[in-house]
Amino acid sequence: MAAMDGAPTDRDLAAIGLLQDPVRRALYEHVVAAGGEVSRNQAAEAAAVGRGLAAFHLDKLVEAGLLEATFRRLGERRGPGAGRPAKLYRRAAGEVAASLPPRTYETAAHLLAEAVEQTGADLELQAAARRAGVRAGRRQPREGGPAVERLLAARGYEPYRDGAALRLRNCPFANLSGEFPVLVCAMNLSLIEGLLEGLGAPERAVMEPAPGRCCVAIISKDNQD
Amino acid sequence: MATHQLAQVNIATLRYPLDGPELAGFVAQLEPINALADAAPGFVWRLQTEDGDATAIRPFDDERIMVNLSVWASLEALRGFVYASRHLGVMRHRRSWFTRMADPYLALWWVPAGTIPTVAEAKERLQLLARSGPTPAAFTFRDPFPEPAGASR
């Protein structure tokens, strides 16, 4: 499952089709939101289905490449009597994407990033990202819960609370930021700064890179860290 | 134990004098970011004068060009520091402080463990990269080469 650089493959379409089933969709979303490994029992409980049914659907999601399964002993006990290792699920690293008619924005994005990198137009890119963020922030409706979290969730960042900070589980630009980290992570920070400005939010966005998540965190304005 | 370590050189051309107001943001970050590097997993060595950094070393005819030379335990260690630490946040200002260079400004190569590269050697690696593209003797993050197998010579 490569990034979208052509017509959707059968495998991509099949994976997306699997999520039409409400139970599978609930299981998938629970595993994703957990941000780590989830046992069958935990997933079954969250989706309010039996353990056997949950196991069946979870394994379908693994087959389709949406989840990955690992086996690990959960308790402290070792040797005879420790029991079988538990099967644990987490989101698969690969991407599933399909556009009909085929749209290959990924290819265009890489070429454009290459050109920006070569011309050194970082600051122009950051300014454009900030303007786009401000516009999107202003358009966001004000009712219906914390606006910052809703807007970031709608844009695919998967925000979660971590103490006083709001962190982002998903990098929506993962392939691009892997190849052009300085350029793309700075663009992303400017975009989120713009979103906050457009929303009139009191928080500020900072760069706090760590493996396995978006490098931007949202903290309260008086926090100097 | 690994027989090789990764050497990296990168150069940058100052847009303004280092002691001017335009570079104040860069200068303010030198000490904390160098301290972060020194404490980073896999850090081995970095070029520095008695000031604790390498900003006074200007080995090119164009004296606006500064050099950064360091050795790391692995490519992953260096990548972790450059792109997955607070260093990343500082680099987003790179175009405010430095002019873009047409020739390669960063080169990586493997050195036998315990060897410290010289500035002259680092300049040669950059020239080699410009001349021949990425090879095991001078490569980039985007086109890396694995650590040479076997004992160091």
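All of A:L125, A:L112, A:L67 fail the test of being surrounded by 13 or more Cβ atoms within 10 Å (Cβ to Cβ), under 19 Å from the mean Cα position of the chain (by Cα) and modelled with pLDDT of 95 or more, apart from A:L67. Residue count for segment A:12-50 satisfying the condition of being touching a residue at least 24 places away in the same chain (Cβ under 8 Å), surrounded by fewer than 16 Cβ atoms within 10 Å (Cβ to Cβ) and over 15 Å from A:A69 (Cα atoms): 6. Among the residues of segment B:101-114, is any buried (at least 18 other Cβ atoms within 10 Å of the Cβ) and among the small types (G, A, S)? Yes, some residue in segment B:101-114 is buried (at least 18 other Cβ atoms within 10 Å of the Cβ) and among the small types (G, A, S). Considering the conditions (1) exposed (fewer than 14 other Cβ atoms within 10 Å of the Cβ); (2) away from chain A (no Cβ under 14 Å), B:A73 is excluded by exactly one of them, (1). Against the test of being in contact (Cβ under 8 Å) with a residue 24 or more places away in the chain and more than 20 Å from B:T55 (Cα to Cα), the options B:A102, B:A113, B:A107 yield a single qualifying residue, B:A113.
Among the residues of segment A:180-218, those that are away from chain B (no Cβ under 13 Å) and hydrophobic (A, V, I, L, M, F, W, C) comprise A:L195, A:L196, A:L199, A:A201, A:I218. Of the helices (runs of 4 or more DSSP H) lying entirely inside segment A:98-179, those containing at least 1 residues that are out of contact with any strand residue (DSSP E or B) (no Cβ under 8 Å at 6 or more places or on another chain) and within 14 Å of chain B (Cβ to nearest Cβ) span A:105-119, A:122-139, A:174-179. Of all residues in segment A:115-127, exactly one satisfies the criterion of being touching a residue at least 24 places away in the same chain (Cβ under 8 Å) and farther than 9 Å from A:L183 by Cα, namely A:A127.
The values are calculated or read from the model by the stated rules, or taken from the named source; none is laboratory data. In this text the structure is predicted, and so the values were computed from the model without any measurement. Because the Cβ atoms are built from the backbone with ideal geometry, glycine has one as well, and the counts that use them run over all protein chains shown.
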